[in-house]
Amino acid sequence: MQATSRLLPFVLLLIFVSVILTNCSNKNSEENWNQTVNRVSSGVVSIQTDFPVSFDGKWNHSGYATGFIVDAKRGIILTNRHVISPGPITAKAVLVNNEEIDLTPLYFDPVHDFGFFKYDPSQIQHIEPHEFKLSDEPPKIGESIRIIGNDAGQKISILDGTISRLDRDAPNYGKGKYNDFNIFYIQAATSTTGGSSGSPVINVEGEAVALNAGSETKSANAFYVPLDRIKFALRNLQNDQAIARGTLKTTFKSTSYVELKRLGMTPELESQYRAQYPEMKGLLVVDHLLPASPAAEHLSVGDILLQIDKQTLATFTELEKILNSKVDDEITVKILRQGQELSFPLRVDDLHALSPTSIVKFDGGVFHTLSYQQARHFNKPIQGVYVASSGGAFGSAGVPAKSVITEFNGQQVNSVEAFNTQLLTIENGKKINLRYFDFSTHNTTNYALVEIKRKWFEHSYCQKSTELSHWPCTTYPSSGPDANLDQDDNPVQTVIDSGNLQDSLVNVSFSSPYSIQ
């Protein structure tokens with residue numbers, strides 16, 4: 001009893017010292033984070049965007065987001081692909097001291113949710129912005145992070161979180177919208193909302209460890225793009241080198257070994273891949289094949305990917321590196337199908353060539369060639385004319401936005417250039433038949449009769465110019481028998497015989513091209 005009483009003061013002293021050290025540690029940690037945030041905040045910018053026309057599933061609108069400077073000397077800002085958008089855009093950035101700079105698109109990835117704006121560094125007069133370093137160390141589960149961005153439109157909001165997953169599936173934003181694939185996302189609970197897109201995810205040293213991309217509305221979870229592909233693209237841009245992107249037009253899914261056994265994986269193969277990839281929980285499996293693609297002729301949904309050119313792989317990063325190095329070349333793919341190993345030669349397509357680079361504006365509507373993103377939603381080959389927005393006679397004829405025109409004026413149209421060629425040959429006022437499909441009837445061909453009208457809207461063809469960083473347009477004059485459309489129509493006066501009023505009643509069909517008052 002006496003020994004216990006003698007030990008009691010020492011125990012109490014030990015607890016007291018432990019509490020003091022814990023409080024000091026927490027205080028030091030907070031001070032470190034405060035210093036880090038103050039040091040790097042000048043490199044975060046609020047981005048204001050304006051999309052003048054609908055494009056690739058996105059309506060014309062204005063919005064706001066976030067970006068951060070990754071090369072202050074060259075003037076390069078990193079943000080999300082869905083912020084830059086593959087279509088026409090105008091944008092500007094607002095720095096922490098409220099200076100404004102003009103932005104032009106520099107590069108966006110065809111699939112993954114990242115892209116770069118460029119700006120003129122000489123436009124920044126009153127501040128030396130921080131240049132973010134992209135971390136060389138991969139993020140770790142349990143690592144503390146901060147998100148600095150334009151959350152909910154509030155400039156320089158700071159949110160904290162802890163990384164919980166490194167192998168999350170890419171978020172699904174819905175049918176007809178942009179969706180990432182063939183990649184693992186990072187997850188943490190930070191409750192980010194609109195405007196935080198493109199924010200840097202930083203560690204306590206102030207290095208960016210990921211790129212904020214989206215969040216889940218029903219929980220606090222947010223999703224980040226890993227940096228491996230971003231660093232590869234940035235290095236190429238800084239060295240004025242092309243960024244090669246290859247594709248099999250195939251979506252793969254990381255599948256657990258439990259499910260792989262049901263698909264025919266043998267215990268021997270499982271042991272081999274578990275030993276080679278101890279950190280991985282499974283392998284890549286074919287999840288979706290685009291029709292009429294080379295891969296669709298040989299691969300099937302459920303095939304387990306084992307090797308490419310005799311090189312084993314289990315991650316999306318390994319797969320992408322091989323495809324990027326084999327653009328417009330042939331590879332040998334080895335798969336496991338129902339317990340049987342099979343090999344096929346497949347051609348690697350250029351992923352950049354699958355993004356539309358031209359639009360046609362006609363009668364209040366916007367049209368472009370079907371994109372890879374939208375073809376995946378329709379489960380159709382990449383051919384046809386996508387109706388980004390429908391208006392005028394096309395809308396009156398029942399051709400909805402986000403539908404795909406396959407035949408126009410009796411001719412098959414696989415691109416917007418073929419569609420525009422037909423428009424240029426048709427006289428004003430002539431009625432033309434077309435065939436299309438939409439989301440609700442993507443396996444059914446619909447018919448519509450459209451009257452060609454050039455009175456209220458211009459007919460123009462716009463093509464993206466990488467050098468000029470915008471979309472120069474060629475405007476075509478009104479043609480046909482009713483070419484002089486600028487003059488007011490002469491009013492027609494009609495005298496009605498009140499004695500025969502019933503025979504004078506008519507049914508009037510009309511359309512208003514603009515909303516007024």
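The values are calculated or read from the model by the stated rules, or taken from the named source; none is laboratory data. All figures in this text were calculated on a predicted structure; none of them were measured in a lab. Don't worry about glycine lacking a Cβ; one is built from the backbone with ideal geometry, like all the others, and counts go over all protein chains shown. With ligands, DNA and RNA removed, areas are computed over all heavy atoms of the protein, side chains included. Shrake-Rupley method; radii C 1.70, N 1.55, O 1.52, S 1.80 Å.
Bridgeable aspartates and glutamates around Lys455 (alpha carbons under 14 Å apart, same-chain partners fewer than 8 residues away excluded): Asp363, Glu427, Asp482, Asp486, Asp488, Asp489. Go through the stretch 170-234 and name the GluC sites (Glu not before Pro) that are in a DSSP coil and have 16 or fewer other Cβ atoms within 10 Å of their Cβ. Answer in residue order: Glu205, Glu216. Structure note, pairs Lys140/Lys177; Lys402/Lys453; Lys140/Lys281; Lys261/Lys334: Cα-Cα distances above 27 angstrom occur for Lys140/Lys177.
How much mean residue ellipticity at 222 nm does the chain get from its helices, if each DSSP H run of length 4 or more adds -39500 (n - 2.57) and you divide by all residues, to the nearest 500 deg cm²/dmol?
On the way: 9 runs with 101 residues, N = 517.
After summing the helix terms and dividing by residue count, I get -6000 deg cm²/dmol.
With the full set of protein chains in place, find how many percent of the accessible area of the stretch 276-387 is carbon and sulfur; take the probe as 1.4 Å.
44
Once both labels are positioned 7 Å from their Cα atoms along Cα-to-Cβ, the gap between Gln272 and Asp350 label points is 3.6 nm. Once the chymotrypsin sites (Phe, Trp or Tyr not before Pro) in DSSP loops with at most 13 neighbouring Cβ atoms within 10 Å are cut out of the chain, the longest remaining piece is 60-509. With protein chains left intact and a 1.4 Å probe, residues in the chain average 51 Å² of accessible area per residue. Principal axis extents of the C-alpha atoms in the chain (largest first, rounded to whole Å): 126, 63, 51. Among the trypsin sites (Lys or Arg not before Pro) found in the stretch 134-173, those both in a DSSP coil and sparsely packed, with 13 or fewer other Cβ atoms within 10 Å of their Cβ, are Lys140. Kirkwood analysis of the Cα pair distances in the stretch 358-431 returns a hydrodynamic radius of 12.4 Å.
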